[in-house]
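Q: Following this message is one structure expressed as structure tokens.
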Amino acid sequence: MMCAFSSGSYALIPQRKVPVLGQGAGLALALLLFFFLLSGCASSWQGASAQQILLKVKATPDANKGRIFYMLVRASSEKQFLTDSYPDIAALVFAEPRDPNVLGVYSIIPGRTAEFSVPMPDKSPVALYFLFTEPSENWNHLLGMPLKPSYEILIQDHSVVLDEHSPGNVFCCPFFGG
């Protein structure tokens, strides 16, 4: 043991030799840690599609008589879309467990414009359902294949207008003054 002096008093401090990792060993340890982290996250990355669809929704102040409402986005076949009823879709908003085809449920606030990114399904169209307080005939839309990277949607009163002629670029569309 060695003695250390500390403001007039003596203290015995045991001294041990600590092995020091060289640069090569430190790098190997860092790479090993990185691969462990990567392998732990890989299972969640495998099922996720990297592509997203951007939905830009503009709800005028009179949309749904000024009341907040929901938009449900779901991967759907054309046949399923044609047979979906308003009560069946409304039940999916808060369903537990969540339907695996539901890509998102979003609150729409009249008088505001909002953007939503939703996962792009690999092989199926995307259905948009607008759950107004008083449903109209125009409460759902099907985005056919091939899907575009973005869409603009205008909601007035109980009417939904989807810009079908958009090139898929939300920054140059006629609805929002590009």
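Nothing in this text is a laboratory measurement; each read-out follows from the coordinates by a stated rule. Worth saying up front: this structure is predicted, and the values here are computed from it rather than measured. Note that each Cβ is placed from the backbone with ideal geometry, even for glycine, and that neighbours are counted across all protein chains shown.
Q: 5 Å is the cut-off here: which amide hydrogens, built 1.01 Å from N in the peptide plane, fall below it relative to Ser150, excluding neighbours closer than 5 in sequence?
A: Leu54
Q: Need one number for segment 52-176: average projected area of the convex hull over its C-alpha atoms, nm².
A: With every direction weighted equally, the projected area is 7.1 nm².
Q: Do any GluC sites (Glu not before Pro) in segment 126-166 lie in a DSSP loop with no more than 13 other beta carbon atoms within 10 Å, and if so, which?
A: Taking segment 126-166 and a limit of 13 other Cβ atoms within 10 Å, the loop GluC sites (Glu not before Pro) found are Glu137, Glu164.
Q: Express in nm, to one decimal, how much length is gained between Thr133 and Val93 on full extension, taking 0.36 nm for each residue of separation and deducting their alpha carbon distance.
A: Gain in length upon complete extension: 13.0 nm.
Q: Further, regarding this structure: Can you tally the net charge around Leu82? Count Lys and Arg as +1, Asp and Glu as -1, for every other residue whose Cβ sits under 15 Å from the Cβ of Leu82.
A: Overall, the nearby charge balance is -2.
Q: Moving on to the next point. Test of understanding: ordering Ile108, Ile68 by Cβ neighbours within 10 Å, fewest first, what list do you get?
A: Ile68, Ile108
Q: Within a 10 angstrom radius of the beta carbon, how do Val105, Val126 rank from fewest other beta carbons to most?
A: Val105, Val126
Q: OK, next. For Lys58, go through the aspartates and glutamates and keep the ones whose alpha-carbon is under 16 Å away, minus same-chain ones fewer than eight residues off.
A: Result set, ordered by chain and number: Glu115, Glu152, Asp157, Asp163, Glu164.
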